[in-house]
Amino acid sequence: MKRQATGSILEAMRSVELWVAVAMFLVAIPMHYPDDLLPFLHIEDPGSVLGLERHAIERVFMLLPITYVGFLFGIRAGLAASALALAVMLPRALFISDYRSDALVEAGGVVAAGVVINIGFERLWRERKRREEVLSRLQEAQQQLQSQLGVIQTSERQLAAVNAISNIVSQSLELRDILNLAAEKVAEVANVDVVLISLVDERGRELVLETYQGVSEITAASVKRMKVGEGFNGQVAQTGEPMVVEDASHDPRLTKRMIAQEKIVTELIVPLESKGKVLGTLCVATRRSRQFAAEEIDLLCASGKVIGIAVENARLYQKEREVAAWLQQSEENYRGLLGDATEAILFHDLEGKIIAANKACVELTGYSREQLIGMNVKDFLSGEGLERAREVGRKLLRGEALGESYEQGLAKEDGSEVRLRLSANLITRDGHPKAYQVIARDITEERLMEERP
């Protein structure tokens, strides 16, 4: 507190306006006491240094420093100046002037006028301050409005860009076409020199470059495959978090020196995501220094999600085509089995989606064939039974023999439950697992007879 007060005093002492006010008082004081302070002027009429009788214009002159101080330093300083002026004028009015009453009235009038003027200044300053505050609030409101408009415009641009990318990738269900179209549109929207799109392989261990723009074939070949967690793209694939690299060619984390030969300076890498799973990475880069703004990073992240969803859909479409082809190829082989068998037989893909069922399966479950196709086997199983089915599937994928058939409960369409004796087999094509075949026999009556006394 003391330091602040000392600082304020020192600042005031350095003020030119303060010294001007002091000079005014130093001029006014001798004019009131010319005999004592200005004897060299030899003034005949001590009542007025200016030669005026009774009206004492010197007292009126005191209004100048009072007004000056009040105008520059506020009402408190103005009132202090008025008090000082009164202290200067009173001795002459009381002890020297031949017109004491008039001198007192004049002195009081000067001080009163100074006080009124200072009050007027104070009102003006308050009004001015109020207007400045109003203007400041208006400017602040205008800035907030402009900021909100800027956010809205940025959001609109981002939405338009994401929609453009979404429209492009939705034009095809072929994975290669989707990635090529996405790379072209991202390069246009983000205004970058290089675009690399990589996908995580089926085992989830490697990141494979699928399409690229802006780099040579040699460079693309050098980064064709990399381990998840390796390099910039591998780290993004591992963490699922976007990454900005300011000086890519000289960054110590760089694992592929061929990138340095491309003279790439700034990189922005975002994950390709679908349903919370990282499917790959989208890398954009420039050959000049560039600071990616937060909204640009958000735009690329949103684009990564759009492309990720498109990749997921393309893969599902490809899988469905492969399953359909397999069914078409196997239809003749299994037509007799599905049609004539007394046991319920169904086929479902690796995710449990039913793709074929015979008449006996329809009669057993109570669902029509149209209802069954597309349903998931988990719709028929309880928690314990579902876990048992998953364990059977894992064993088949590992190539383990199941041995004997196993017993399983199943919920029918009407809500009742039947007991089944099941056997399952893994259907492969070209050495790759494609679907499961499940054969079921109803043993409900057998179990009821066993339970009877």
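Once the other residues with Cβ under 14 Å from the Cβ of LEU138 are scored (Lys, Arg +1; Asp, Glu -1), what is the net sum? Each step should come with its number before you reach the end.
Working: positive: ARG130, ARG131, ARG137; negative: GLU132, GLU133, GLU140.
Local net charge: 0.
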**Asked** Using the count of nearby Cβ atoms within 10 Å as a rough guide to exposure, how do ILE269, ILE178, ILE439, ILE218 rank from fewest to most?
**Response** ILE218, ILE439, ILE178, ILE269
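Find the relative contact order for the range 170-317 and round it to a whole percent, using C-alpha pairs within less than 8 Å whose residues are 6+ positions apart.
24 percent
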**Relative contact order computed over the range 341-451 (Cα-Cα under 8 Å; 6+ residues apart), in percent** = 26 percent
**Prompt:** For the residues SER274, SER170, what sequence is obtained by ranking on other C-beta atoms within 10 Å, fewest first?
**Reply:** SER170, SER274
**Asked** HN-Hα J couplings of the range 412-419 from phi, Karplus 6.51/-1.76/1.60, θ = phi - 60°, integer Hz, Gly and Pro as x?
**Response** 7, 5, 7, x, 6, 10, 10, 9
**Asked** Between their Cα atoms, which of LYS224/LYS378; LYS305/LYS353; LYS277/LYS434; LYS305/LYS412 are more than 28 Å away from each other?
**Response** LYS224/LYS378; LYS305/LYS412
**Asked** What list of ³J(HN,Hα) values in whole Hz, one per residue of the range 100-109 in order, does the Karplus curve 6.51 cos²θ - 1.76 cosθ + 1.60 (θ = phi - 60°) give from phi, with Gly and Pro shown as x?
**Response** 4, 5, 5, 5, 5, 4, 5, 4, x, x
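Give a quick list of GluC sites (Glu not before Pro) in the range 161-198 that DSSP marks as loop, anything other than H, G, I, E or B, with at most 15 other Cβ atoms within 10 Å. Present the calculation step by step, with values, prior to reporting the outcome.
Details: sites: GLU174, GLU184, GLU188; in loops: GLU174.
Answer by residue number: GLU174.
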**Asked** How far is it, in nm, from the label point at GLU370 to the one at GLU217 when both lie 7 Å from their Cα along the line to the Cβ?
**Response** 5.3 nm
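If neighbour count is taken as other Cβ atoms inside 10 Å, put TYR33, TYR436 in order from fewest to most.
Working: TYR33 16, TYR436 22.
Going from least to most buried by this count: TYR33, TYR436.
Read-outs: derived from the displayed coordinates by stated rules, not from any lab. Worth saying up front: this structure is predicted, and the values here are computed from it rather than measured. Because the Cβ atoms are built from the backbone with ideal geometry, glycine has one as well, and the counts that use them run over all protein chains shown.
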